[in-house]
């Protein structure tokens, strides 16, 4: 057997054992976009947020099912509908919460905060004060590049004023440039 074949078989054994475990199986079903978290990002975050980041991924949030498993609650049922209160159920699977508009209410609160932040940014002055973003300079072989002042700008900084439409409360008609079957929350 080759080294790769042995490694493959060992990996398959490890996965098949992990799938049998109740909590640890979560990593085999992850369907998440890749997120690179750097040390700089960690230093900027508050301690509570750092501890929160991995908790939904590893299903260690205090859901009714987890509280029951940890011996902190008598039952594992959702208090709204009576079904098993797993993380997936609490976040998006409770029929009662959906019918009462709780998911939409929470979504709209997050969207309103996001829109408020965008509105504040649009009111700031984004003047470049005479600086322009340097273009890419090509250098002939054997020549040296003359360093120039580099500035970084957001794509939106040069586009004053911003025209922002936010879908809060009603279904807005978005411009024709939005060719999607999905309903966007914000269009800039």
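Just so it is clear, none of the values below were taken in a lab; they were calculated from the coordinates. Computed from a prediction, not measured in an experiment: that's the story for all the values here. Methodologically, a virtual Cβ is constructed for each residue, glycine included, from the backbone with ideal geometry; neighbour enumeration extends over all protein chains shown.
Computed extension gain for residue 16 through residue 3, at 0.36 nm per residue and net of the alpha carbon distance, reaches 2.7 nm. Projecting label points 7 angstrom from Cα along Cα→Cβ for residue 61 and residue 48 puts them 1.5 nm apart. Relative to the current alpha-carbon distance between residue 117 and residue 182, full extension at 0.36 nm per residue lengthens the span by 21.0 nm.
With 0.36 nm allotted per residue and the present C-alpha distance subtracted, the residue 162-residue 138 stretch has 5.3 nm of extension available.
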